[in-house]
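The values are calculated or read from the model by the stated rules, or taken from the named source; none is laboratory data. Quantities reported herein were computed from a predicted structural model and do not represent experimental measurements. Methodologically, a virtual Cβ is constructed for each residue, glycine included, from the backbone with ideal geometry; neighbour enumeration extends over all protein chains shown. Surface accessibility is based on the protein's heavy atoms, side chains included, excluding ligands, DNA and RNA. Shrake-Rupley method; radii C 1.70, N 1.55, O 1.52, S 1.80 Å.
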Amino acid sequence: MKYRILVTGGSRGIGRAVVEELGTRPEYQVIAPTRDELDLLDDRSIEAYVEKLEPVDALVNTAGINILGKLHELDSDSINAMLNTNLVAPLKLIRGVAPGMKTRGGGRIVTFSSIWGMRSKEYRTLYSMTKFGVNGMTRALARELGPSGILLNCVAPGYVLTEMTAKNVPPDEQKRLCAEIPLRRMAQPSEIAKTVAFLLSADNTYITGQTIVIDGGFLA
Ligand SMILES: NC(=O)c1ccc[n+]([C@@H]2O[C@H](COP(=O)([O-])OP(=O)(O)OC[C@H]3O[C@@H](n4cnc5c(N)ncnc54)[C@H](OP(=O)(O)O)[C@@H]3O)[C@@H](O)[C@H]2O)c1
């Protein structure tokens with residue numbers, strides 16, 4: 001029986017690297033819906049997707065967005081989009097897959113946080129709200145679902161070379177930031193994917209309720 005893993009955000013960036021990393025293991029079946037199949041901003045889409053989904057052993061909530069803005073610029077559309085995509089949708093997916101995991105004897109769930117879910121920075125109010133939120137959600141659910149053999153963790157990357165970073169961090173600032181990172185460079189998506197793969201694997205027998213920071217030492 002294959003180990004079935006549902007991955008959101010698999011179309012590009014870190015999520016695509018996660019899909020590629022997991023795809024190297026023949027014992028895994030990776031399910032990576034497109035936005036047409038599962039739109040995290042659309043409640044009905046989430047409900048319909050979860051209803052027809054066969055039980056999975058693992059879930060990776062990678063999909064996320066980052067709308068930067070000063071306080072007076074944070075309109076209802078931005079607030080709703082950020083909360084729903086980054087925080088509420090992961091919760092609904094966990095709620096949807098947990099019963100199936102229990103029937104299969106347990107499971108592994110990884111949700112994407114960020115260094116901005118550990119500390120914060122100007123104009124990242126919404127992003128930090130959602131990323132601090134996923135850390136808290138993960139801790140509470142790790143306690144609730146631990147007795148059922150479901151292990152939940154977050155990964156909190158620092159700067160990773162993806163479209164999101166290219167959009168939000170201009171090239172000059174990227175150079176300046178690298179000087180502040182002890183390892184003097186941003187991460188490749190594959191470096192994040194390897195940690196996710198470990199947390200999902202049978203080798204992870206005792207890590208749950210944690211947020212694992214992968215930032216080249218930035219927060220240190
Ligand atoms: N990049 C970084 O430096 C960094 C650092 C810390 C944390 N993170 C976190 O890591 C995760 C991945 O980031 P990334 O840089 O790889 O992002 P990205 O390159 O911008 O990709 C975002 C992914 O999320 C999907 N997505 C967004 N809204 C969606 C929706 N409504 N329904 C379904 N899918 C949706 C996108 O699908 P489409 O292709 O359909 O748009 C895409 O696959 C995010 O949670 C992010 O917050 C990133």
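Within the chain, the longest run free of GluC sites (Glu not before Pro) that sit in a DSSP loop with at most 15 other Cβ atoms within 10 Å is 123-220. For Leu152, the solvent-accessible surface computed with a 1.4 Å probe is close to 0 Å², ligands and nucleic acids excluded.
Taking every protein chain into account, the accessible area of the range 110-150 amounts to 44 square angstrom per residue (probe 1.4 Å). Rounded to whole numbers, the Karplus 3J(HN,Hα) couplings from phi for the range 118-128 are 10, 9, 9, 7, 3, 6, 9, 4, 5, 4, 5 Hz, using 6.51 cos²θ - 1.76 cosθ + 1.60 with θ = phi - 60°, and x at Gly and Pro.
What is the diffusion coefficient of the range 59-109 in µm²/s, taking the Kirkwood radius over Cα pairs and the Stokes-Einstein relation at 10 °C with a viscosity of 1.306 mPa s?
126
Derived from the Cα gyration tensor, the three semi-axes of the equivalent ellipsoid of the range 3-214 are 27, 20, 16 Å, largest first.
Element breakdown for the chain at a 1.4 angstrom probe: carbon and sulfur atoms account for 53% of the accessible area.
Here the dipole of the range 1-80 is about 340 debye; that uses its Cα centre as origin and unit charges on the Cβ of Lys and Arg (positive) and Asp and Glu (negative). What are the trypsin sites (Lys or Arg not before Pro) within the range 90-128 that DSSP puts in a loop, where the Cβ has at most 13 other Cβ atoms within 10 Å? Those satisfying the criteria are Arg119, Lys121. Computed over neighbours whose Cβ is under 12 Å from that of Arg44, the net charge equals -4, Lys and Arg +1, Asp and Glu -1. Accessible-area rank, largest first, for Met137, Met1, Met101, Met118: Met1, Met118, Met137, Met101, with all protein chains present and a 1.4 angstrom probe. Heavy-atom accessible surface of Ile207, to the nearest 10 Å², is about 60 Å², with a 1.4 Å probe and all protein chains retained.
For the chain, the tally of Lys pairs with Cα-Cα distances below 16 Å comes to 5, considering only residues 8 or more apart or on different chains.
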